[in-house]
1. Which residues, taken from region 186-226, are farther than 23 Å from Arg16 by Cα, of a type in the set (Gly, Ala, Ser) and open to solvent by less than 40 Å² (accessible area, probe 1.4 Å)?
2. Could you identify the single residue in Ala149, Ala153 that is in contact with a strand residue (DSSP E or B) (Cβ under 7 Å, 6 or more places away or on another chain), modelled with pLDDT of 95 or more and surrounded by 21 or more Cβ atoms within 10 Å (Cβ to Cβ)?
3. Taking the condition in contact with a strand residue (DSSP E or B) (Cβ under 8 Å, 6 or more places away or on another chain), assigned to a loop (DSSP other than H, G, I, E, B) and either open to solvent by 40 Å² or more (accessible area, probe 1.4 Å) or among the hydrophobic types (A, V, I, L, M, F, W, C) (or both), does Val166 pass?
4. Would you tally the residues in region 69-119 being more than 30 Å from Ser4 (Cα to Cα) and either open to solvent by less than 30 Å² (accessible area, probe 1.4 Å) or in contact (Cβ under 8 Å) with a residue 12 or more places away in the chain (or both)?
5. Return the residues of region 121-145 that are open to solvent by less than 10 Å² (accessible area, probe 1.4 Å) and hydrophobic (A, V, I, L, M, F, W, C); say none if nothing qualifies.
6. Does Ala119 meet the test of being of a type in the set (Gly, Ala, Ser) and touching a Gly at 6+ places or on another chain (Cβ under 9 Å)?
7. Give all pairs with beta carbons closer than 6 Å in which a residue from region 43-65 that is modelled with pLDDT of 95 or more and of a type in the set (S, T, N, Q) meets a residue that is outside any strand (DSSP E or B) and surrounded by 12 or more Cβ atoms within 10 Å (Cβ to Cβ); count only pairs at least 6 apart in sequence or on separate chains.
8. Mind checking which residues of region 10-48 are among the aliphatic types (A, V, I, L, M) and either surrounded by fewer than 24 Cβ atoms within 10 Å (Cβ to Cβ) or touching a Pro at 6+ places or on another chain (Cβ under 8 Å) (or both)?
Amino acid sequence: MTFSSPLLLGHRGAPRQARENTLESFRLALEAGLDGLELDLHRTRDGVLAVYHDFELDGQPIAEADWSALQQQAPWMPRLEQVLELAEQFPQARLNLELKSLPGPSDGREVALAQALQAWPERERAWISSFDPLALIRLHRLKVGVPLALLYAEPEMEELVPCLPVLGVHPHFGLLNEARVAALKARGLFVATWTVNQAAAVRELLAWGVDGVIGDLPTELLAGGR
């Protein structure tokens, strides 16, 4: 990946200051001086990429809802295009787009994301991560045009990395130590980790050579990383 590092990224924006995964939360994180954002994407039934973390909203699967219905229920929920427009106001902003997906047949979310990014002139500022290895393979086959990274919280997931078209990994910070980071970096991988909310931990991770740290608290990220 060609991003200058280290990167300090707001986890769903600045979720301790505003509702997570909203334009307000994203703006606050960027105005605080962070390098970018981590955000979550789902595809609605009618093909919109909705920015939301959970697979369901009040018991209704996002994938089975139309965008108009979601807007009535959750008017604060943005779509990806709105976040891209916001990012254009902050030239430094990098976007880690987490595609929420479960292994199995695709509902077209990879195609929707590939099309959205191919239409965005600033796509060199973005990369995609996912816990779903099948989604990453599909995105690669679609020639999405941005780097891909494997997200994981279980150490066994690392065994999949050689089989996947990824340039980066996003392990939970609890899986890392100095030797583990060095081993991942020796394989040429971009290493970003989550969710880190203490300046001392940010400082230690960066000293180990981590390329990106994702956290909820801009003040702690900046205190540890600047």
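The values are calculated or read from the model by the stated rules, or taken from the named source; none is laboratory data. Fair warning: this is a prediction, and the values are worked out from it, not measured in the lab. As a convention, Cβ positions derive from the backbone with ideal geometry for all residues, glycine included, and neighbour counts pool all protein chains shown. Just the protein is used for accessible areas: all its heavy atoms, side chains included, with ligands, DNA and RNA removed. Shrake-Rupley method; radii C 1.70, N 1.55, O 1.52, S 1.80 Å.
1. Gly209
2. Numbers: Ala153 fails: surrounded by 21 or more Cβ atoms within 10 Å (Cβ to Cβ).
Only one candidate qualifies: Ala149.
3. yes
4. 11
5. Hits for region 121-145 are Ala126, Trp127, Ile128, Ala135, Leu136, Leu139, Val144.
6. No, not satisfied.
7. Hits for this filter: Thr44/Ala65; Thr44/Trp67.
8. To start, the set of residues in region 10-48 that are among the aliphatic types (A, V, I, L, M) comprises 14, 18, 23, 28-30, 32, 34, 37, 39, 41, 48.
Correct list: Ala14, Ala18, Leu23, Leu28, Ala29, Leu30, Ala32, Leu34, Val48.
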